[in-house]
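Peer 1: Sending over a structure as structure tokens; questions will come in a sec.
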Amino acid sequence: MRVLVYGAGIQGSLLAHVLATGGNDVTVLARGKRAEELRSNGIVIRHYIQRKTTVDKIKVIHELNKDDVYDVIFITMKYTDFPHVLPALAQNSSENIILVGNNATASEMEAYIEANSEKAKNIAFGFQLSGGIKEENRIIALRFNAGEMVIGGLEKEVNFKDVLEQIFKNTKYKITYEKNIDDWLKSHIILILPMNLAAHIKDNNLKAVARDHGMLRQLVAAMDEGYDVLKDLGYEIIPAQHAHFVKRYKLLNFLFYKLYHCLPIASKVEGSFAELKGLYDVFYKMKAESKVITPNLDSLVHESEAKIR
Ligand SMILES: NC(=O)c1ccc[n+]([C@@H]2O[C@H](COP(=O)([O-])OP(=O)(O)OC[C@H]3O[C@@H](n4cnc5c(N)ncnc54)[C@H](OP(=O)(O)O)[C@@H]3O)[C@@H](O)[C@H]2O)c1
């Protein structure tokens with residue numbers, strides 16, 4: 001199958017590798033230095049847990065033209081980068097597209113694409129359950145299985161499951177369909193916001209986060225507050241057990257996050273302040289409709305913003 005991975009960073013590179021290994025005709029859209037690297041060296045990935053390095057020579061393009069038609073386009077980039085590529089996606093004639101990554105405004109993005117497309121499109125949203133960091137010329141990928149993506153359509157079933165089945169059939173990559181992907185994505189934001197804010201405050205020194213017990217307590221309390229806001233606004237928390245666990249077992253959560261921040265794998269997950277800010281700005285806009293207070297989350301946000309100033 002002809003597949004485009006639009007955005008060849010950490011998540012996109014791993015996805016392109018999986019798709020190429022599965023026998024698909026894979027193209028990546030990359031720009032600037034990353035496009036040069038990919039043309040010269042291919043996609044180089046060090047699979048951290050599996051202790052192996054793979055190199056995939058793959059077609060690289062730098063823009064998406066209207067008539068470049070693919071069976072599926074996966075867009076894998078930061079939340080704050082999606083808006084810049086929506087016009088090209090809307091103009092393009094491919095039918096099936098999946099925006100993969102954190103997303104606080106999936107319905108607005110879908111509405112934009114639908115309003116600006118000449119041809120009807122099947123739009124879905126996804127999240128790849130892997131991590132990684134970028135090193136000079138290569139990606140260090142953190143995955144516990146062959147790779148996994150949660151995918152869903154907004155208020156509708158994904159209607160190109162057959163195409164996705166074909167694309168992934170020769171891989172061990174797991175697809176999980178989520179019927180309420182918007183709430184899943186919003187719940188996920190609550191999980192990552194406090195952790196990423198804490199990391200940002202400590203200059204990505206995760207051991208320093210682990211040593212700061214006040215910050216760890218604040219991180220857990222901030223998650224609890226965030227889930228309370230979502231519930232108050234009528235969103236479903238997915239997975240519900242996580243919100244329950246955070247609310248009921250503060251000490252266990254504290255210990256879990258203390259341990260997590262000491263593990264080498266924690267430093268193999270990348271965050272960006274720009275994306276984080278994009279996500280919490282939307283959260284605070286939504287929160288304006290709720291009476292739930294979030295002192296711990298607010299304090300993490302203020303401390304993180306103070307660093308930038
Ligand atoms: N990395 C992780 O550990 C991890 C874990 C879980 C979830 N996620 C989520 O997964 C999503 C993707 O993250 P990522 O880590 O893969 O990000 P990333 O490494 O920054 O990759 C994004 C890629 O998209 C490219 N891009 C951005 N705007 C573009 C444009 N207009 N045209 C062409 N290319 C463009 C970037 O190019 P440039 O390099 O030129 O900017 C970059 O190569 C995010 O929501 C992130 O939070 C990441």
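Peer 1: Going by what's in this entry, would Glu118 be described as more than 30 Å from Arg39 (Cα to Cα), free of Cβ contacts under 8 Å to residues at least 40 places away in the same chain and surrounded by fewer than 20 Cβ atoms within 10 Å (Cβ to Cβ)?
Peer 2: yes
Peer 1: Criterion first (among the basic types (Lys, Arg), assigned by TED's automatic domain parsing to the domain that holds Ile49 and modelled with pLDDT of 95 or more) does Lys119 satisfy it?
Peer 2: On the way: among the basic types (Lys, Arg): yes; assigned by TED's automatic domain parsing to the domain that holds Ile49: yes; modelled with pLDDT of 95 or more: no.
Answer is no for this residue.
Peer 1: Only residues that are loosely packed, with under 14 Cβ neighbours inside 10 Å, in contact (Cβ under 8 Å) with a residue 12 or more places away in the chain and part of a helix (DSSP H, G or I): list them for region 62-113, please.
Peer 2: Those that are loosely packed, with under 14 Cβ neighbours inside 10 Å, in contact (Cβ under 8 Å) with a residue 12 or more places away in the chain and part of a helix (DSSP H, G or I): Pro83, Pro87, Ser107.
Peer 1: Okay, moving on. Filter region 15-43 down to the residues that are of a type in the set (Asp, Glu) and more than 10 Å from the ligand (Cβ to nearest atom), then identify the one that is surrounded by the fewest Cβ atoms within 10 Å (Cβ to Cβ).
Peer 2: If we filter region 15-43 for residues that are of a type in the set (Asp, Glu), which is where we start, we get 25, 36-37.
Those still in the list that are more than 10 Å from the ligand (Cβ to nearest atom) too: 25, 36.
On the way: Asp25: 14, Glu36: 12.
Filtering region 15-43 for residues that are of a type in the set (Asp, Glu) and more than 10 Å from the ligand (Cβ to nearest atom), the one surrounded by the fewest Cβ atoms within 10 Å (Cβ to Cβ) comes out as Glu36.
Peer 1: Let me ask another. In region 76-131, which residues are under 19 Å from the mean Cα position of the chain (by Cα) and of a type in the set (Gly, Ala, Ser)?
Peer 2: Gly101, Ala104, Ala106, Ser107, Ala124, Gly126, Ser130, Gly131
Peer 1: Would you mind finding the one in Ser130, Ser117, Ser107, Ser94 that is farther than 21 Å from Lys156 by Cβ and among the polar types (S, T, N, Q)?
Peer 2: Only one candidate qualifies: Ser130.
Peer 1: Take Lys307 and tell me if it is open to solvent by 20 Å² or more (accessible area, probe 1.4 Å), more than 16 Å from the ligand (Cβ to nearest atom) and part of a helix (DSSP H, G or I).
Peer 2: Taking the combined requirement at face value, the residue satisfies it.
Peer 1: All but one of (1) of a type outside the set (Asp, Glu); (2) under 20 Å from the mean Cα position of the chain (by Cα); (3) modelled with pLDDT of 95 or more hold for Ala288, so report the exception by its number.
Peer 2: Here Ala288 clears every test but (2).
Peer 1: Something else about it: Failed condition for Ala146, given (1) of a type in the set (Gly, Ala, Ser); (2) within 16 Å of the ligand (Cβ to nearest atom); (3) outside any strand (DSSP E or B), with all others met?
Peer 2: (2)
Peer 1: Quick one: in region 261-282, which of the residues that are assigned to a helix (DSSP H, G or I) and open to solvent by 50 Å² or more (accessible area, probe 1.4 Å) is farthest from the ligand (Cβ to nearest atom)?
Peer 2: Within region 261-282, the match that is farthest from the ligand (Cβ to nearest atom) is Cys262.
The values are calculated or read from the model by the stated rules, or taken from the named source; none is laboratory data. Every value quoted in this text rests on a predicted model; they were computed, and no experiment measured them. When we count neighbours, we look across all protein chains shown, and the Cβ atoms used for this are built from the backbone with ideal geometry, even at glycine. Surface areas here come from the heavy atoms of the whole protein model, side chains and all, with no ligands, DNA or RNA. Shrake-Rupley method; radii C 1.70, N 1.55, O 1.52, S 1.80 Å.
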